[in-house]
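Below is one structure, written out as structure tokens, with a few remarks after it.
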Amino acid sequence: MIAKLSSVAQAHKGLRVSNDSMINMPLEKPQHRIAVLADQCVQCGLCLPVCPTYGLDGNEAESPRGRIALAAALARGQVSASPSLREPIDHCLGCLNCQRICPAGVQYEALLIETRGLLGPAPDRPGLLLGVVKRPTLNRWLQRLARWTGAMRWVPAVLAGKTTSSWRAALSLLPRPSKLSPATPVSQRAPDLGMVTLFPGCAASVQDAEAEHAAELLLRAAGYRVTRLPAFCCGALDLHDGAVADADRAAEQVRRAWSGAQADRLITITPGCLSTLRRALPGVRVDDPYALLAEHLDRLAFRSLPLRVALHVPCTQANVARSDEALVRLLKRIPNLELKRLSAPPYCCGAAGSHVLQFPDRADRLRDDVLAHITRLDAQLVLSSNIGCRLHLAAGLAEHASTPPTLHPLTLLAQQLDIR
């Protein structure tokens, strides 16, 4: 391992942007941007212990430091975009545990996006399936058809082989019926805190509609006026898969929709959308609802719920939204709720946008540690803010014959909201 680390360090040392070929390359070129971003890395290795894929494989190439070296070599033209080079880059979850802990301030997300954009989408990317996910109306119709035909029971046996693994994974993610009571509508308080606009998204607008409704109820109870944008994809799936043109079109749609919103800030209940929305709307305040709600806890009261709950904090909520502490404060306001937070990094459930569809076997292996922790806690309910994470965890719990339901935290908060 020492020899391997040394070889990567030496390779990266030769990729400094002081090289004449890089100096003479315009900064507008992605190769130069990648080289500049890679040059921030000091090769300290602090990212390795918090990287889920490095923990999974024990391979330097599957670590942030290794991927930075590969990206820099690609930018200089020292290596070609072969399948063996792009595999560890495609495997990256984009969890950003490394970016949060990095003492040198490496902008790893920007480097990953630029590198994948230079490579383009992976040849085995499930484009047709992602096209369904990104279209809410089509997604909703096909899910109804799958339930009506009982597709979850018989299609996986028909779809044998690696080429159909993405479709089998997608069927396993279809949400199970909820056994919990729906939230009670609340009347709007005096709207003195301003206007916020909710971004429904694509998959979330279909499979997290209840949580989006809950967000509206809670925000109105706190004193905000709430409007909605139309449901469409923000471009996160394309941006993080290297489909640059499609991501740019989605960003333009976001800007057009926001231009008519006349709101103070944009809200999403899906932390996986946050970074992409902020990228599309520089200068606009884009957040999830938790900090807003936590700032006005005096306006919110909750009914008692004697329940043992496991809280899964998605990587993007911890590392992009950074709203996990606000969420914990909100949940702790529910009397008698026994809240247990699941393990911190390097644990990741493996969903990671399209990763669960493109690499379902790796996603399952990453999920195993999270499921084991849920089992040890003997939780009666599992909470997670990200729709992909929650569906992936629910599918794993069902495979292990575990019975705790999964729920968005906002849905639980709205259900327990005391409107007296």
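The values are calculated or read from the model by the stated rules, or taken from the named source; none is laboratory data. Worth saying up front: this structure is predicted, and the values here are computed from it rather than measured. Cβ atoms come from the backbone with ideal geometry, glycine included; neighbour counts cover every protein chain shown. Just so you know, the surface numbers come from the protein's heavy atoms only, side chains and all, with ligands and any DNA or RNA stripped out. Shrake-Rupley method; radii C 1.70, N 1.55, O 1.52, S 1.80 Å.
Tabulated results
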| read-out | value |
| --- | --- |
| Pairwise FRET efficiency - Arg365 versus Arg249, Cβ, R0 = 30 Å, nearest 0.05 | 0.30 |
| Rounded Å value of the spacing that divides the Cα centres of segment 82-107 and segment 220-254 | 23 |
| Net +/- balance of residues flanking Ser205 in space, Cβ distance below 10 Å, scoring K and R +1, D and E -1 | 0 |
| Segment 222-358: C-alpha gyration tensor shape, a/c 1.5 cut-off, then a/b vs b/c | oblate |
| Inter-site label distance for Asp418 and Lys29 at 7 Å from Cα along Cβ, in nm | 6.5 |
| Of all accessible heavy-atom area on segment 306-417, the percent that carbon and sulfur account for (1.4 Å) | 47 |
| Probe 1.4 Å - accessible area at Ile387, Å² to nearest ten | 10 |
| For Cys41, solvent-accessible area (1.4 Å; no DNA, RNA or ligand), Å² | 10 |
| For segment 204-289: relative contact order, % (alpha-carbon pairs under 8 angstrom, 6 or more apart) | 27 |
